[in-house]
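Undergrad: Input: one structure, supplied below.
No value in this document is a laboratory result; all are computed from the given coordinates. Note that this is a predicted model, so its numbers are computed, not measured. Here the Cβ is made from the backbone with ideal geometry for all residues, glycine too, and neighbour counts use every protein chain on show.
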Amino acid sequence: MICEMCGKEMANLLPVRIEGTVLSVCRDCARFGDGVKAGGKQGTTTSEPSVIQARLDNRERRMKSRDVYETGEESIELAEDFSKRIKEAREKLGWKQEELAAKMNERVSIVHKLESGGMHPDDALIKKVERTLDIKIMEKVMVVKGEKASSGKVLTLEDCIKKKK
Ligand SMILES: [Zn+2]
């Protein structure tokens, strides 16, 4: 038998898939393709086929995780307009930034940064802000990764409701 890749005369040839075509090749050439028989290729030490396999695995994983997202997933995240919400709530109460800072036991610069969007509060600070001002700056968002949002855009529940109408 003759290897279809290098033309060497060999006693045994292996069927491998190379760029979509199944060829009968010698052992030396077999490493350039993927074994046709499932699980037939063991202990691969050459890098090329395993790199291809890793890529295929990755693609499979990506597709699987997208399936999960396509149904939509809820998560709680910091509201995009949290700065505005904090500022408006504070002004409604007639507090100065200094007063809010004092009530939260934080520095004024923290309040300033929050209201200017210059920092994203951590969970502890979020809770403190919400408690002190009696507002919510976290909101439920629906992560939609379907055809319409293939860019991975994060939609709020409000957006989803608006779209249905
Ligand atoms: Zn060969």
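Undergrad: Taking θ = phi - 60°, what integer Hz values does the Karplus form 6.51 cos²θ - 1.76 cosθ + 1.60 yield along the stretch 125-140, in sequence order, with x for Gly and Pro?
TA: In residue order, the calculated couplings are 5, 4, 4, 5, 4, 4, 5, 5, 9, 6, 10, 10, 10, 9, 8, 6 Hz.
Undergrad: Same structure again: Tell me, in nm to one decimal, what length is gained between S109 and A124 on full extension, where the rule is 0.36 nm per residue of separation less the Cα-Cα distance?
TA: Length gained, S109 through A124: 3.7 nm.
Undergrad: Starting from 0.36 nm per residue, how many nanometres of slack lie between D81 and L93 once their C-alpha separation is accounted for?
TA: Value of the extension gain: 2.5 nm.
Undergrad: Cα centroids of the stretch 74-93 and the stretch 6-34: how far apart, whole angstrom?
TA: After rounding, the separation between the Cα centres reads 63 Å.
Undergrad: Could you give each residue of the stretch 5-10 its phi-based ³J(HN,Hα) in whole Hz, using Karplus coefficients 6.51, -1.76, 1.60 with θ = phi - 60°, and x for Gly or Pro?
TA: 9, 9, x, 6, 7, 9
Undergrad: Separate question: Please find the FRET efficiency linking E73 to S116, where r is the Cβ-Cβ separation and R0 is fixed at 41 Å, and quote it to the nearest 0.05.
TA: 0.85
Undergrad: What FRET efficiency would be calculated for the residue pair E19, M138, taking the C-beta separation as r and a Förster radius of 41 Å, to the nearest 0.05?
TA: 0.20
Undergrad: Under 5 Å between amide H atoms, partner at least 5 residues away or on a different chain: which partners does G35 have, H built in plane at 1.01 Å?
TA: Sorted by chain and number, the residues that satisfy this are R17.
Undergrad: Can you list the residues, at least 5 places off or on another chain, whose amide H is less than 5 Å from the amide H of M5, using H built in the peptide plane?
TA: Amide H to amide H, under 5 Å and 5 or more residues apart or across chains, M5 pairs with C26.
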